[in-house]
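K.L.:
Pasting in a structure now, in structure tokens, and then I'll have a few things to ask.
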Amino acid sequence: MDYSHLFSPLKVGEHTLRNRIALPATLTNFGRSNRVTEAWRNFLVERARGGTGLIVSEIIAVDPEALAQQAIVTGFDDANDDAFRETARAVHDAGAILIGQLWHPGRQQLWHPTKSPMGVSNQPDALSWTVPHVMSTKDVRRVAEAYIGTAERLCRCGFAGVELHGAHGYLIGQFLSPWSNTREDEYGGGVLGRTRFAREIAAGIRARCSREFIVGLKMPGDEGVDGGIDPDEAARITSDLAETYDFDYFAYGQGNFSLSLETHVPDIHFQPGHYIDIHKRMREAANGIPVMALGRIGTPELAERIIEEGYGDLVGTTRALIADPAWPAKAKAGRPEAIRPSVFDNWCWGEVHMGKPLQEHHNPYLGQVNEAFAEEHLPPVAAPRRIAIVGAGPAGLEAAWVAAARGHHVTLFGLSEELGGKLRLDATLPGRGEVARMIDYQCRMAEAYQVEFALGRLATSSDILAIKPDTVVLATGSSPRPPHSLSPNSDSCRDVRAYAAHPSGGVNALFYDLDQGPSIYGTIDLMAERFERVVLVTPRPQIAQNVNYCSAIGVFRRLYEHGVEIVPSHELIDFADAVAVCRNVFTGEKRSFQDIDELVYGIPRQAEDALAAELDGKVELHLIGDCQSPRNLMAAIHSGHLTALTL
């Protein structure tokens, strides 16, 4: 495909970008003790090396009260100056433009319980319900000066500009929104008052820094709450700010820290480019100032369409660039099939918002030097060996293509004629189709490196040894273990995977949930389409605890829309004659559910590792993925990749 619009230059302020691709600010938790680390720097530099035009750093705190946790780096002192200079130099040397995102959470009590939240008005934070200290006019001007001072520091350190973070309900957004700003002084009221804080910051930066220093604003296009910023209000604000000529670009995120946070990182259940119509409207209001479109944009085809058809001047794509920092370089070279796809399940978002360092299912190189092209420069083996890999799911496929890419002769054994294992089944569930793109990528890589396939039957130890392998890698997965209260032979009682493979229907169904992962709720969505009544029972006080918070909001929304009856804090103790008996885990009180046509369960699995005992001592042996220890998709893919690097 011709990506000529996507790879055309764009003038932003006094700078010219080499293309229209932007990395929006991406929280990584790679900072340590509020200091820049090698990983923090590498993350930005590698995406510049991979061909991105505009790089926006993750949040940089402008004020001591903004330090929500130790991984957020400071911009209000000189502790990071040398690292900022080094990062800016490396990003610019790689051909990109580096912007620092300036951040203050305002009333949002995100992580740090001892920091006193300060807010525009006295409404509680929508996530934690903490009530902030209401900022006086003196407070407002002091914090505005903190933004300006931090921008001045980044300018001295070689950054090309800053982005003011006013989206997702943070401080600048709290001023902009009539939902959160009920002030009666000069910083409240109509659009003029609510934009004053942002306008004063931008004007102050212009006065302190050169005209060449970029000033961008990220703000809501639609907060998704009654009385908040909707597209009409966003257009009015954009038009007002554009008239100042102090802003060089606008970017638009959706939602805030209410339940509309689901729209902040639109997941696998949203349409690709879900919000581009909002961006197109903002572009009309921006009076020629560039607009960045973002939100669930994962392919160069969609990015090209956004630029060509006028939905945006820039395309921001965070999760796609987390999965593959060389996304732009591969697209420009006409190799979009080589891009490691993001499937937008928000796994990475969930990791960082639990305070962990950023992780991605099939990018084990995050934050490392040479991350952008690590997979294209895998270390070749000095002496090729014959490798047998048993199991064609995500762990086995990953190990197979990586080992073959390094020069080994690889045979991959699979029970099914179709590659992908149980993940392929997951992709058949409602709203889960995108996960198949990870398997498709692995298959393309395996075929490109000439992996041999032996598919369609159960591989025995004799089959494996018959090819005289030097090494055997077992990736045979895991199998269900029925709850002790259930008979595995019951026709109306099935494991979640068995049901997903051959779904039935009827009047009443009960799902027993000891997993709480996203595939479970995809299965329940399928059951809700096929049964008149679905009951969801779990022994935990809540559901969806293994789903990131943004996507968990969607889980609850769909369950309630389907009319699923949610019964927390109950364990299943008996199922016979179409009657399920459950017991409250706190009180011991029993509850019966009558006329259950189908009982489906999702519970911890057991490793399928019987072949290990048969092969032990006969050949060099490695276990990866679930057959080593049943865990999650990232563990399966990473263990396959990293094991193949040791062979």
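K.L.:
Being under 30 Å from VAL534 (Cβ atoms), in contact (Cβ under 8 Å) with a residue 24 or more places away in the chain and crowded, with 21+ Cβ neighbours inside 10 Å, is that true of even one residue in segment 604-611?
P.N.:
No, the conditions are met nowhere in segment 604-611.
K.L.:
Further, regarding this structure: So ALA580 ticks every box in (1) without any contact (Cβ under 8 Å) to a residue 40 or more places away in the chain; (2) under 27 Å from SER478 (Cα atoms) but one. Which box is left unticked?
P.N.:
Checking ALA580 against (1) without any contact (Cβ under 8 Å) to a residue 40 or more places away in the chain; (2) under 27 Å from SER478 (Cα atoms), the one that fails is (1).
K.L.:
If you take the residues of segment 504-542 that are open to solvent by 10 Å² or more (accessible area, probe 1.4 Å) and part of a loop (DSSP other than H, G, I, E, B), which of them is nearest to LEU486 (Cα to Cα)?
P.N.:
This residue is LEU514.
K.L.:
Quick one: how many residues across segment 319-376 are open to solvent by 20 Å² or more (accessible area, probe 1.4 Å), outside any loop (DSSP other than H, G, I, E, B) and farther than 23 Å from LEU294 by Cα?
P.N.:
So the count comes out to 2.
K.L.:
Name, by its number, the condition in (1) within 30 Å of SER258 (Cβ to Cβ); (2) touching a residue at least 12 places away in the same chain (Cβ under 8 Å); (3) not in a strand (DSSP E or B) that does not hold for PRO630.
P.N.:
Unmet for PRO630, out of (1) within 30 Å of SER258 (Cβ to Cβ); (2) touching a residue at least 12 places away in the same chain (Cβ under 8 Å); (3) not in a strand (DSSP E or B): (1).
K.L.:
Among the listed residues VAL547, VAL567, identify the single one that is touching a Lys or Arg at 6+ places or on another chain (Cβ under 9 Å) and of a type outside the set (D, E, K, R). First the steps, then the outcome.
P.N.:
On the way: VAL547 fails: touching a Lys or Arg at 6+ places or on another chain (Cβ under 9 Å).
Checking each option against the conditions leaves just VAL567.
K.L.:
Please determine whether any residue of segment 540-556 is in contact with a strand residue (DSSP E or B) (Cβ under 8 Å, 6 or more places away or on another chain), among the hydrophobic types (A, V, I, L, M, F, W, C) and within 14 Å of LEU599 (Cβ to Cβ).
P.N.:
Checked segment 540-556: no residue is in contact with a strand residue (DSSP E or B) (Cβ under 8 Å, 6 or more places away or on another chain), among the hydrophobic types (A, V, I, L, M, F, W, C) and within 14 Å of LEU599 (Cβ to Cβ).
K.L.:
Which residues, counting only those in segment 209-232, are over 28 Å from the mean Cα position of the chain (by Cα) and over 15 Å from GLY255 (Cβ atoms)?
P.N.:
CYS209, SER210, ARG211, GLU212, PHE213, ASP232
K.L.:
List the helices (runs of 4 or more DSSP H) inside segment 184-291, counting only whole elements, that have at least 3 residues being surrounded by 20 or more Cβ atoms within 10 Å (Cβ to Cβ).
P.N.:
196-208, 231-242, 276-285
K.L.:
If you don't mind, there's one more thing I want to ask. I'd like the residue in segment 251-274 that is free of Cβ contacts under 8 Å to residues at least 60 places away in the same chain and touching a Lys or Arg at 6+ places or on another chain (Cβ under 8 Å) and, out of all such residues, is farthest from SER342 (Cα to Cα).
P.N.:
Per the stated criteria, the residue is HIS274.
K.L.:
Could you count how many residues in segment 62-93 are in contact with a His (Cβ under 9 Å, 6 or more places away or on another chain) and among the small types (Gly, Ala, Ser)?
P.N.:
2
K.L.:
Which residues, counting only those in segment 4-34, are open to solvent by less than 70 Å² (accessible area, probe 1.4 Å), within 28 Å of GLN359 (Cα to Cα) and among the small types (Gly, Ala, Ser)?
P.N.:
ALA22, ALA25, GLY31 - these are the residues of segment 4-34 that are open to solvent by less than 70 Å² (accessible area, probe 1.4 Å), within 28 Å of GLN359 (Cα to Cα) and among the small types (Gly, Ala, Ser).
Per-residue answers, yes or no, for (1) outside any loop (DSSP other than H, G, I, E, B); (2) under 30 Å from ALA242 (Cβ atoms); (3) within 26 Å of the chain's Cα centre (by Cα):
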site	(1), (2), (3)
HIS5	no, yes, no
TRP40	yes, no, yes
GLU46	yes, no, yes
ARG85	yes, no, no
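K.L.:
Given (1) farther than 26 Å from PHE213 by Cα; (2) out of contact with any Ser or Thr (no Cβ under 6 Å at 6 or more places or on another chain); (3) open to solvent by 10 Å² or more (accessible area, probe 1.4 Å); (4) not hydroxyl-bearing (Ser, Thr, Tyr), identify the lone condition not met by GLN109.
P.N.:
(2)
K.L.:
Would a scan of segment 162-175 turn up a residue that is part of a strand (DSSP E or B) and over 29 Å from the mean Cα position of the chain (by Cα)?
P.N.:
So the first thing to find is which residues in segment 162-175 are part of a strand (DSSP E or B), and the list is 162-165.
Next, from what is left, pick out any that are over 29 Å from the mean Cα position of the chain (by Cα): none.
Checking segment 162-175: not a single residue is part of a strand (DSSP E or B) and over 29 Å from the mean Cα position of the chain (by Cα).
K.L.:
Here is a check on your reading of the model: is ALA578 in contact with an Asp or Glu (Cβ under 6 Å, 6 or more places away or on another chain) and among the hydrophobic types (A, V, I, L, M, F, W, C)? Give the derivation first.
P.N.:
Numbers: in contact with an Asp or Glu (Cβ under 6 Å, 6 or more places away or on another chain): yes; among the hydrophobic types (A, V, I, L, M, F, W, C): yes.
In short, yes.
The values are calculated or read from the model by the stated rules, or taken from the named source; none is laboratory data. Computed from a predicted structure; not experimentally measured. Methodologically, a virtual Cβ is constructed for each residue, glycine included, from the backbone with ideal geometry; neighbour enumeration extends over all protein chains shown. Surface accessibility is based on the protein's heavy atoms, side chains included, excluding ligands, DNA and RNA. Shrake-Rupley method; radii C 1.70, N 1.55, O 1.52, S 1.80 Å.
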